[in-house]
1. Quick one: is residue 171 among the charged types (D, E, K, R), surrounded by 14 or more Cβ atoms within 10 Å (Cβ to Cβ) and more than 30 Å from residue 221 (Cβ to Cβ)?
2. Which one is surrounded by the fewest Cβ atoms within 10 Å (Cβ to Cβ) among residues in the stretch 48-59 that are under 22 Å from residue 159 (Cα atoms) and without any contact (Cβ under 8 Å) to a residue 60 or more places away in the chain?
3. Specify the residue that is surrounded by the most Cβ atoms within 10 Å (Cβ to Cβ); the eligible residues are those in the stretch 11-32 that are among the charged types (D, E, K, R) and in a strand (DSSP E or B).
4. Any idea how many residues of the stretch 307-335 are of a type in the set (S, T, N, Q) and in contact with a Leu (Cβ under 8 Å, 6 or more places away or on another chain)?
5. Given the condition closer than 19 Å to residue 53 by Cβ and crowded, with 18+ Cβ neighbours inside 10 Å, answer yes or no: does some residue in the stretch 85-101 qualify?
6. Taking the residues in the stretch 317-335 that are within 16 Å of residue 253 (Cβ to Cβ) and in contact (Cβ under 8 Å) with a residue 24 or more places away in the chain as candidates, determine which candidate is surrounded by the fewest Cβ atoms within 10 Å (Cβ to Cβ).
7. Going through the stretch 294-316 one residue at a time, which ones are surrounded by 10 or more Cβ atoms within 10 Å (Cβ to Cβ) and either more than 25 Å from residue 245 (Cα to Cα) or among the hydroxyl-bearing types (Ser, Thr, Tyr) (or both)?
8. Give the stretch 293-335 a look and list any residue that's of a type in the set (S, T, N, Q) and assigned to a strand (DSSP E or B), or say none.
Amino acid sequence: MTVLNIHGVSKSYTSDRNRVLSNLDFTLEKGEICAFIGESGTGKSTLLKLIAGLESSDSGTIILEGNTVESASKFVGAEDRGIGFVFQDFALFPHMSIKKNVGYGLAKSQDSTARISEVLQMVGLDSYGDRYPHELSGGEQQRVALARALAPNPTLLLLDEPFSNLDTALKAQIRNELFEIIKATGVSCIFVTHDAQDAISLAHKIAVLDQGKVVQMGTPKALFNQPSTPAIARFFGEINIFNEEEFQYFEMELEKADFYGIRPEHIRYSLIPEKNSHAAVIMRETFHGLRRKYRVKLASQMELDLIVDAEVPIEGKEVFITLPSAHLLTFHKKG
């Protein structure tokens, strides 16, 4: 079942009509968790506000569970869309207790006491109802914001940069806890982030935004292994990029392309010459916990990064590298 259908949505703020979002199409199925990623200014947060009804688009159609909530002739306000929203700064009311924060969006006709208790238990804060936001940690405040968003049983849950205000040390733990709760509810969810690791770890599918358009969408595995541009490849991890002329040095048969790429961890190395290997001088080494990264230079003066297991350091100043064709990526210029 399709929960959300966006067709041809555009949005601009400035007088010169420079578009933040441009003719965007997107579909979300029931129970899916989708991440929108991209650099700052690519339109991620604007998209959430349009879906939620906090802002209106310049053109396009937004349909929730088969009902049009925005078109050229119709606009349904945020309070009537049945959408839960977790804001980047959590937006809790400091003068209200946790119970009152969670119950704020519940209709007067609902049995609010029972529902508040239910969602607080769901997020592991059932004994925190009488406290106030300033008495909670950042991770606890976020769970309160999630409980408030889930309390009205929303059709769709939206999260704006949900982990940007959390300490790095606790981020992974809280990230996993938060999405276990979301998955348990079965609610469809869209979150925006600039952190590719968040998207890879949590989303069923990822949409990459650039200049207001979705430039690639797919599963986390597909975007990591088959990025459509060098920029998207870099977004999901370190990668060596080289042009057609540089690639010819390796004397390999591969699809003709404008650029080629290979991730540092996919380069094969040995300490003695092997078939089709190329000698490279180690220029520098950096330690990264479980990994070591080596910057190497080939006879062609081309430089590459090589990542290896930290417990198996490369001894000496020379190494022989091979580029496995199965891990080589090809990129073509647009237009």
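1. Against the criterion (among the charged types (D, E, K, R), surrounded by 14 or more Cβ atoms within 10 Å (Cβ to Cβ) and more than 30 Å from residue 221 (Cβ to Cβ)), residue 171 does not qualify.
2. Within the stretch 48-59, the match that is surrounded by the fewest Cβ atoms within 10 Å (Cβ to Cβ) is 56.
3. The residue in question is 11.
4. Looking only at that region, the number is 2.
5. Scanning the stretch 85-101 turns up at least one residue that is closer than 19 Å to residue 53 by Cβ and crowded, with 18+ Cβ neighbours inside 10 Å.
6. 324
7. Result: 294, 300, 308, 309, 310, 313, 314.
8. Those that are of a type in the set (S, T, N, Q) and assigned to a strand (DSSP E or B): 322, 330.
The values are calculated or read from the model by the stated rules, or taken from the named source; none is laboratory data. Predicted model, so just to flag it, every value in this text is computed and none were measured. Note that we place each Cβ from the backbone using ideal geometry, even for glycine, and neighbour counts take in every protein chain shown.
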